[in-house]
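The values are calculated or read from the model by the stated rules, or taken from the named source; none is laboratory data. Because the structure is predicted, anything quoted here is derived from the model rather than measured. Glycine gets a Cβ as well: all are built from the backbone with ideal geometry, and neighbour counts include every protein chain shown. Heavy atoms of the whole protein, side chains included, go into the accessibility calculation; ligands, DNA and RNA do not. Shrake-Rupley method; radii C 1.70, N 1.55, O 1.52, S 1.80 Å.
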Amino acid sequence: MARQLKGGGVERFFSSKRTWSGGGSYLHFIAQLDDPKYVEFAKAYEGLLSTYGERVGTVPPKWLHWTVQGVHHGLTRDQVERVVESVRKDLAWNGTSATVQMGPVWPGPSALTVAMYPENKLAALTARVRTAVSAVEGIRLRPAGPRAWPHSTVAYYRSEDVHDAAFNRQVRDSRPDRFEITIDRLHAVYMRQDVDRGYYTWNHLAALTLCGTPKLTVGERLAELAAQASREGDERWQAAWERVCAIVTPGLGSQEIPHNGASDVDGSSALAIAFYLLACERKAPVAALTRDDVEELAGNWTDFSQPRMQDRWTRRLEALGHRMDDPDDPVMVRWRALSLEYPEPDPDNPDASTYRVGHAGESGLRPLLAELRDRLRF
């Protein structure tokens, strides 16, 4: 017989009040906690949890995490892009890494959770993310509680008879030593409730580094964009990104992306769009396209008598059936992300970039093609 807890009863974690409607996935910002020290800490409870069989959903090391902030309603791909980039920019300039003490373990009414301290530093990180997410139009966040509760979950109860006196006693008897880990990046993911297995899983979208911590590399970011294309795009869009990664990563993949710009990533995105556009127009495989094809599509940078590259490419994409204002077209979401105009350097304008000027796609593609001529095989 399950022991009744003060203030409420023992319950399944994935009860009707917690299960997301439609069984879909939502954008979340998390810290992945797959540090070997935490994995070893969680193993201390494997013996106990295994005796409960399918009555608990024990979280595998791959899915151990701290949820920083979730967006619990549907978003267009365009909104996801804007939210992730809003958080990325804020964390790159203002976020700080956190050395976190993990432990003790709390046997709650619906899950076995691990405390995370110091709460105030983690709460400040949550507040940064929450503010950056809320800055994007159309985002509705659940109300914040009166006090942040940073925690990670080791197991979710799938039955009402898990948390009894015997369970509590065995959890207390385990008591592995507390330890510290450092959180130096967050991750944007599409989180989902895997009710059949009894825990949360996700599709990864983007790693978001914190100010002063090791930066993301060009190769890491291109791999993220290629994985996103494989989930969201058609065969040509997927092939375009696969080829971009094959061309760019060997020579530039280890370079860190500076906080104030990502020209190699912008250029790679423009290259993927060029491959896709030409493959669609010619009904040809992406692998058949050459550097000369891309340079012809890009046009002469110094010929100001012709329309700008962004205008020419937009018209050709629209001729293929794409719409510049389609919020769910993965190709146009990426193209709009490149449509940012970087202003001329201006000491009185803190938003002016001293590294890039003009259209992000064009200003990124130009030096990338020069690199392809000199260093990379293409």
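Data for the structure
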{"item": "Where HIS322, HIS72 fall by accessible area, highest first, once all protein chains stay in place (1.4 Å)", "result": "HIS72, HIS322"}
{"item": "The range 52-165, relative contact order in percent, only Cα pairs under 8 angstrom and at least six apart counted", "result": "45"}
{"item": "Where labels lie 7 Å past Cα in the beta-carbon direction, separation of ASP234 and ARG142 in nm", "result": "3.9"}
{"item": "Scattering profile of the range 115-252 at q = 0.17 Å⁻¹ [log10 I(q)/I(0), Debye over alpha-carbon scatterers]", "result": "-1.24"}
{"item": "Accessible area (Å², per residue) of the chain, counting only protein heavy atoms and a probe of 1.4 Å", "result": "48"}
{"item": "Backbone HN-Hα couplings from phi across the range 267-280 [Karplus 6.51/-1.76/1.60, Hz, Gly and Pro as x]", "result": "x, 5, 5, 5, 5, 4, 5, 4, 4, 4, 4, 5, 5, 5"}
{"item": "Per-bin percent of Cα-Cα distances, the chain [10 Å]", "result": "5, 21, 28, 22, 14, 8, 3, 0, 0"}
{"item": "Long pairs among LYS17/LYS37; LYS62/LYS89; LYS43/LYS89, criterion Cα-Cα beyond 30 Å", "result": "LYS17/LYS37; LYS43/LYS89"}
{"item": "Relative contact order computed over the chain (Cα-Cα under 8 Å; 6+ residues apart), in percent", "result": "18"}
{"item": "Peptides 116-122, 75-81 ordered by average Cβ neighbours within 10 Å, highest first", "result": "75-81, 116-122"}
{"item": "Using a Förster distance of 22 Å, the FRET efficiency for GLU54-THR19 (Cβ separation, nearest 0.05)", "result": "0.80"}
{"item": "Using a Förster distance of 35 Å, the FRET efficiency for ASP164-ARG197 (Cβ separation, nearest 0.05)", "result": "0.90"}
{"item": "Percent accessible area from carbon and sulfur atoms, the chain, protein chains only, probe 1.4 Å", "result": "49"}
{"item": "Distance from the range 45-84 to the range 123-146 (C-alpha centre basis), Å", "result": "19"}
{"item": "Packing rank of 194-202, 105-113, where each peptide gets the mean count of other beta carbons within 10 Å, highest leading", "result": "105-113, 194-202"}
{"item": "Integer Hz, Karplus 6.51/-1.76/1.60 couplings in order for the range 160-166, x for Gly and Pro", "result": "6, 9, 7, 7, 10, 4, 5"}
{"item": "Mean Cβ neighbour count within 10 Å, used as a protection proxy, ranking 138-147, 273-282 highest first", "result": "273-282, 138-147"}
